[in-house]
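Visitor: If you scroll down you'll find the structure; I have some questions about it.
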Amino acid sequence: MNDTNTGANPAPPRRYDLHAHSQRSDGTLTPAALVTRAHAAGIEVLALTDHDVTDGIDEASATAGQLGMTLIAGVEISVTWQGQTVHIVGLNIDPAQHALQQGLARLREFRQWRAVEIGRRLQKKRIEGAYEGARRLAQGTIVSRTHFARFLIDQGYVRGMPQAFKQFLSSGKPGHVPGQWAALDEAVGWICSAGGQAVVAHPARYKLSAGKLQRLFGEFRECGGEAIEVISGSHTPEANRHFARIATEQDFLASAGSDYHGPEKTWMELGRLPALPDGCVPVWRDWY
Ligand code: AMP
Ligand code: MN
Ligand code: MN
Ligand code: MN
């Protein structure tokens, strides 16, 4: 790696992780503990991107300030696109922005209704108390399928997260309730009106054909989306390279995030993200 800084900009901080969750959604650490752990892992710029909620940002920012690291205010918005759930990350949002908060409040209402409905469907499979169990495990305002998965593990119905999703919670399984999340243009619009940049999260995780994914990227750009999460803790190295090429060829900015949920780690530990491949224009290019 050539470290010489030949551009006009001052050398930017080196280690970015622009996708991470706290207990305010389906992570297991408090916002303060997440930031502390990221700092210890050598992260210099961390985005807190909880699902459909921003109420951890104040606590995370305060801790980041004490530690001398940069906290990016973020969110991961649930979107329904062509019948599929897609996640759009917003970076550098103003969490106080009204349209954004109104939109997120609507998604949380759906989440709450869905949680009760998941409980009902699991009850039909003779799994009692799933809603109450998931609700108890949720430390914040939202109940996620992750909380149902933990309940199913704790009660001995499944051995681990992958099995909980595979057997009960993913599309077509007994506890699955189809998403009625935000429309793509709504989510991108809320992020843009809050002054943020919209990012397609972990593009390799969607069950979309190459053609459909391309349509998603096209519509995303048309409604104001700027970036793709090229590097994700949930991607394979091949997927990282593939999306680096797509971002470069199609002039999307490139983001990088671990999608960290806690030390129990579904995907990856903090501080292990590979660098953006050469040729990618980082989403943080104009931040400083
Ligand atoms: P929800 O937004 O409540 O539908 O829950 C989605 C969350 O569940 C994602 O953000 C992941 O954290 C988690 N998740 C989804 N699929 C899996 C899987 N196969 N294994 C582990 N976690 C998963
Ligand atoms: Mn999650
Ligand atoms: Mn996601
Ligand atoms: Mn995530």
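Each reported figure results from applying straightforward, stated rules to the coordinates on display, with no laboratory input. Everything numeric here is computed off the predicted structure, so don't read it as measured data. Positions of Cβ are backbone-derived with ideal geometry, glycine not excepted, and every protein chain shown enters the neighbour counts.
Visitor: If I model a spin label as a point 7 Å beyond the Cα along the Cα-Cβ vector, how far apart are those points for T141 and C223 in nm?
Guide: Rounded to a tenth, the inter-label distance reads 2.2 nm.
Visitor: While we're on this one: Order these peptides, 200-206, 43-49, 231-237, 16-22, by their mean beta-carbon neighbour count within 10 angstrom, highest first.
Guide: The packing order, highest mean first, is 16-22, 43-49, 200-206, 231-237.
Visitor: In percent, what relative contact order does region 115-169 have, based on Cα pairs under 8 Å that are 6 or more apart in sequence?
Guide: 24 percent
Visitor: By average Cβ neighbour count within 10 Å, what is the ranking of 69-82, 154-167 from highest down?
Guide: 69-82, 154-167
Visitor: Sticking with this one: Could you check the simple spin-label distance between Q214 and D58, using points 7 Å along Cα→Cβ, in nm with one decimal?
Guide: The two pseudo-label positions are separated by 4.7 nm.
Visitor: With a ≥ b ≥ c the root eigenvalues of the C-alpha gyration tensor of region 115-169, is it rounded (a/c under 1.5), prolate (a/b larger than b/c) or oblate?
Guide: Oblate, because a/c is 1.5 or more while a/b does not exceed b/c.
Visitor: Hey, another quick one. At 0.36 nm per residue, minus the direct Cα-Cα distance, what do E269 and R14 gain on full extension? Give it in nm, one decimal, please.
Guide: This chain segment gains 90.0 nm when fully extended.
Visitor: Which whole-Hz couplings ³J(HN,Hα) result when phi for each residue of region 151-157 is put into the Karplus expression 6.51 cos²θ - 1.76 cosθ + 1.60, θ = phi - 60°, listed in order with x for Gly and Pro?
Guide: Running phi through 6.51 cos²θ - 1.76 cosθ + 1.60 with θ = phi - 60° gives 4, 5, 5, 4, 7, x, 6 Hz.
Visitor: Hey, another quick one. In what sequence, highest mean first, do 109-117, 209-217 appear when ranked by Cβ atoms within 10 angstrom?
Guide: Result, highest mean first: 109-117, 209-217.
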